[in-house]
Structure formats: structure tokens, C-alpha cells
Amino acid sequence: MNDKIRELLAQINALEDQIEDSLRNSQEEVIHRLNDGKIRFRKDIEDAQKQFRQSVVRWMLDSRPRIMLSVPFIYGMVIPLAFLDMCITIYQAICFPLYRINKVKRRNYIIIDRHHLHYLNFFERMHCIYCSYANGLLAYTREVAARTEQFWCPIKHASRVVDRHSRYHTFVDYGDAEGYQKRLVELQPNGDKPVIE
């Protein structure tokens, strides 16, 4: 990887950190986290949120029938998602120690906290839990797959990749045979030290 790319990646990381800090600072005005990690709102914010909650009956009456028809298909995906969750967790529990790759922390990806929002009714909370789980699981799965790809095949594609994972930029350029051999040597297990963090 050349110096210009390293410099651009550092700038991107710095900008992402600034965005995250700005978002966190704006939320700290209304959110208070206790020492136990639980989220609490100021009392006045909590009361104001409750005023915006739509009753379950009103919510159901306002729901469009064609949208409601999709509900069994959406929630039917819970079964393959849970199966994927189990398979990915077992896979990394067995393979990552053999490859000396640090395990991906599932809890860093599957974040379920929207049910604390007092302006959501029961069904809206269930939808938020489902979406948090599904998207978090897919992000967790992607990181497990990215670490696996980094270990086994750290080569960039010849074609443009629309949505690259976070490790892709460290891969060897397409067609760089010498770089590929060096990269594989870097990733070989070296004692007990993990080779991929």
C-alpha cells in the first residue's frame, strides 16, 4: 500500500471519529448513562417522549394492509438469522484459535438499546429489536468473514468493489505475486500471538 493511500485512510478514520464524537456529544444532552451501563433519560425528556407514543390500536389502524402482509416474511427471517448467528459463533470459536485470529466480539456488533425509547409503542419496539439484531448480526458476520479473508486470501479484486469491508484496504493489489507471498508469510501463525487483531 502506498503512502498516499495510507494518508487518505488516516484522514477517513479521523473524520469518522469526529462524526462519532459529534453524534455522541449531541446525544449526551438528553441521555444519561449510569455506571451499570444502562441508559436513562432525564425525567423531562422521558415525559416528553411519552407524549409522542402512538397507541397500539391507533398504530394498527394507521398501518397500510400491504405493509402488514409483509410481516410474516420479515419475522420469518428470524429462523435463518438465528441459525447464521449460531453457525458463525461456532465457526469462529473453533477456527479462529487454530488460525490464531482474535475472535470478533459479538456484543460490539449486536446492540439492542432502542427499546429504551419511550415514544415507541410495543410493536415499534419489537421492530427495532429485530432490526438491531439482524443488522448487528450481519455486521458481526461480515467482520468474521473479513478476518477469515484476510488470513486466507488477502488480495484485492480487479473490479471495483462497491462496499468494501474495513480490512480490504490492507490487502495485496490484484496481480502482485510477490506482495501476496509476503502477506501470507506475515499472516502465518507465530507462536501464541494472534496474527489478526
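The residue of region 8-38 that is modelled with the lowest pLDDT, among those that are charged (D, E, K, R) and surrounded by 10 or more Cβ atoms within 10 Å (Cβ to Cβ), is ARG33.
For LEU84, the stated conditions hold: it is farther than 30 Å from SER63 by Cα, touching a residue at least 40 places away in the same chain (Cβ under 8 Å) and either surrounded by 12 or more Cβ atoms within 10 Å (Cβ to Cβ) or in contact with a helix residue (DSSP H, G or I) (Cβ under 8 Å, 6 or more places away or on another chain) (or both). No other residue among ARG106, ARG142 is within 22 Å of THR170 (Cα to Cα), modelled with pLDDT of 95 or more, surrounded by 13 or more Cβ atoms within 10 Å (Cβ to Cβ) and charged (D, E, K, R) apart from ARG142. Considered as a group, the residues in region 109-124 that are free of Cβ contacts under 8 Å to residues at least 60 places away in the same chain and surrounded by fewer than 16 Cβ atoms within 10 Å (Cβ to Cβ) include one that is nearest to TRP152 (Cα to Cα), and that residue is ILE111. Of the listed requirements (1) within 14 Å of the chain's Cα centre (by Cα); (2) over 26 Å from ARG6 (Cα atoms), GLU124 misses just one: (1).
For region 100-134, a tally of residues being assigned to a helix (DSSP H, G or I) and touching a Ser or Thr at 6+ places or on another chain (Cβ under 8 Å) returns 2. Among the residues here, ASN135 does not qualify as surrounded by 13 or more Cβ atoms within 10 Å (Cβ to Cβ), modelled with pLDDT of 90 or more and closer than 27 Å to GLU186 by Cα.
Which one is nearest to the chain's Cα centre (by Cα), of the residues in region 127-148 that are touching a residue at least 12 places away in the same chain (Cβ under 8 Å) and more than 14 Å from ASP85 (Cα to Cα)? Ranking the candidates gives ALA146 first.
Pairing residues of region 172-185 that are surrounded by 14 or more Cβ atoms within 10 Å (Cβ to Cβ) and at pLDDT below 90 with residues that are hydroxyl-bearing (Ser, Thr, Tyr) and part of a helix (DSSP H, G or I), at Cβ distances under 9 Å and at least 6 apart in sequence or on separate chains, gives VAL172/TYR180; ARG183/THR170.
The values are calculated or read from the model by the stated rules, or taken from the named source; none is laboratory data. Note that the coordinates shown come from a computational prediction; the quantities given were computed from them, not determined experimentally. Here the Cβ is made from the backbone with ideal geometry for all residues, glycine too, and neighbour counts use every protein chain on show.
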